[in-house]
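Each reported figure results from applying straightforward, stated rules to the coordinates on display, with no laboratory input. Quick caveat: nothing in here was measured; it's all calculated off a predicted structure. Here the Cβ positions follow ideal geometry from the backbone for every residue, glycine too, while neighbour counts run over all protein chains shown.
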């Protein structure tokens, strides 16, 4: 089996001589046709990198106000309940946008995996690790969306059979608020505290970049180091397990801003690099083929 | 990724490396001794000697002087591109300034 | 895949210039990518991106520690005195000795004068003693009844030193790889580069501790 049918370079022979210098414009019409489906797919995936940041901005910052968190980790259950009730519908709509932002990470994660796949043979370990960890991470934070849905739902209203005209300050009211707070906490724990799939995803990508021996790397070597740095940074989110205040609590500069800032930077960098790779016409090739 | 270079550029690189090697002996050890002495100085001040504010500022500054020495001599920024060297030197100046600023303004 | 590789690490970060003689190592070490700038980037450009990012992260920790100290000076001062300063000082000593050994080791690799494996091995040993020392210090503090959620000082102390410890463990892995590389009679351009990368990383670990130590143990209010 060979997949090197539509190489961008007409004179390409051995993998050593393949040079990623051809642009998409230089391809023959037949080559363009053969690549167009894959090309559009990769572009769509790369697009969702910045796309997910936009959706996250709409949902988390503008609509729901989760980011930055208005209620501190040390807030009481009743305060959290009242925050959920104060702008319930707006918050629910924002949550939907946030969950969309999380789930398009599936698209985005695929584009780097398929591009680094080019360097691996029949058993693409690093590609699989990237995909599996990315999928785990996505599943995990989508569940975070569901947990906050539940908090917003329970805080938002009551049915006839289960009226919530509970007297503020009564035991029932506090128990009701504690339920909402528990789900609120759970959401933050899932978002920041379980950083492992994201870290391993970034490290697997870094390994795919840095272990590449060829003279035609998919991504520049510095991006591998950036990926390691990003992976290490998510570890700071672990602080939300221990802190009710300060820089490592979930509203802190570390657990929240550094984490999200570096993730956003990483996403944009790799979306751009992947886009550049597609523009270079390196869409449909494979360096190491199964014999 | 490697680009072809002229013999002149190669010679420049050689000169840099030879300079490094020539300086391999005593200066590094001297830098190391200075680092150890600086550690003792900051320990002395941190252990309750000297006026509190002055001691705290001295402790911070000594720490960053040590960092500067490590960067210049151990991390070989001395022979690095000026931009890189400048960035790290700037870090060694800006961060202690902010730290001392926070400390002095708020104490 | 034209070359045979006996050593699994031999192929790590492989490069087209395989199998150069030890005497050639100096020349090869200089054959870096020629940037328009003057000067030579130690290791490779990527590690400096990592180091800058890491320094930014730790700068935030430094700023946070100092500004939190000013919020509750009494708590911080009391907690600072309950630390065991001699353990921190010993750790500074270990890291500085390690840094000196790494510089020596990389120069020995460049000149081909031998001794590099021993120096990398000793650095690794310094790291190991650091870990053991840290473990004893942690267990003493925990025995004294301190914990990460006791107050903000201990929170920052434990998380800051734990993050640093994590860095150090990665650095020890790096020293092991550098040791394996330096054991070989010949090293390629990429291998030399990798040893330099881990050397620079080890110095990063050192300099982070050089700041963390005074901020946590020595700075008075």
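Note on residue A:244 and residue A:178: the extension gain reaches 22.1 nm, defined as 0.36 nm multiplied by sequence separation minus the Cα-Cα distance.
Return a whole-number percent for the relative contact order of region A:88-201, with Cα pairs under 8 Å and 6 or more residues apart as the contact set.
Averaging sequence separation for qualifying contacts and normalising by length gives 35 percent for region A:88-201.
The Cα trace of region C:42-218 gives Rg and Dmax of 17.8, 58 Å, the first to one decimal, the second as a whole number. In chain A, the ratio of gyration radius to Kirkwood radius, Rg to Rh, stands at 1.10 when only Cα atoms are counted.
Against the empirical curve 2.2 N^0.38 Å, the C-alpha radius of gyration of region C:69-108 lands at a ratio of 1.85. Counting only other chain Cβ atoms within 10 Å of each residue's Cβ, the peptide C:190-197 averages 1. Over region A:106-232, the alpha carbon radius of gyration divided by the compact-protein estimate 2.2 N^0.38 Å works out to 1.57.
In Å, what Kirkwood hydrodynamic radius results for region C:142-200 from the alpha-carbon pair distances? Walk me through the intermediate numbers first.
Numbers: mean 1/r = 0.0723 Å⁻¹.
That comes to 13.8 Å for region C:142-200.
Which whole-number percent gives the relative contact order of chain A, counting Cα pairs below 8 Å spaced six or more residues apart?
Values: 418 pairs, mean separation 84.6, N = 291.
About 29 percent, as a whole number.
Between the alpha-carbon centres of region B:29-107 and region A:167-196 there is a gap of 45 Å. Between the beta carbons of residue C:67 and residue A:30, assuming R0 = 56 Å, the FRET efficiency works out to 0.30 to the nearest 0.05.
Quick one: order B:100, A:158 by neighbouring beta-carbon count within 10 Å, fewest to most. Can you show the working numbers first?
On the way: B:100 18, A:158 12.
With the sparsest Cβ surroundings first, the list reads A:158, B:100.
With a ≥ b ≥ c taken as the square roots of the eigenvalues of the C-alpha gyration tensor of region C:44-88, please select rounded if a/c is under 1.5 and otherwise prolate if a/b is larger than b/c or oblate if it is not? Judged from the Cα gyration tensor, region C:44-88 comes out oblate (a/c at least 1.5, b/c at or above a/b). Where a ≥ b ≥ c are the square roots of the eigenvalues of the C-alpha gyration tensor, would you call region C:76-145 rounded, which needs a/c under 1.5, or, failing that, prolate if a/b is larger than b/c, or oblate? Taking the square roots of the gyration eigenvalues as a ≥ b ≥ c, region C:76-145 is prolate. Placing dummy labels 7 Å off each Cα toward the beta-carbon, the span from residue C:186 to residue C:138 is 4.4 nm.
The label point for residue A:166 and the one for residue C:93, both projected 7 Å from the Cα toward the Cβ, are 6.0 nm apart. The ranking of B:85, C:69 from fewest to most other beta carbons within 10 Å of each one's beta carbon is B:85, C:69.
Based on the reciprocal of the average 1/r between different C-alpha atoms, the Kirkwood radius for region A:94-162 equals 14.2 Å. Panel note: the C-alpha atoms of region A:169-291, placed on their principal axes, show extents of 71, 28, 26 Å (largest first). Against the empirical curve 2.2 N^0.38 Å, the C-alpha radius of gyration of region A:251-291 lands at a ratio of 1.85.
One quarter of the convex hull surface, Cα atoms only: what value does that give for region C:111-215 in nm²? The partial results should precede the final answer.
Numbers: hull surface 29.1 nm².
Mean projected area of the Cα convex hull: 7.3 nm².
Between residue A:132 and residue A:86, what is 0.36 nm times their sequence separation minus the Cα-Cα distance? Round to one decimal in nm.
Values: separation 46, 0.36 × 46 = 16.56 nm, distance 3.88 nm.
The span from residue A:132 to residue A:86 would gain 12.7 nm if fully extended.
Taking the number of other C-beta atoms within 10 Å as the exposure measure, put B:44, B:68 in order starting with the fewest.
Placing the least packed residue first, the sequence is B:44, B:68.
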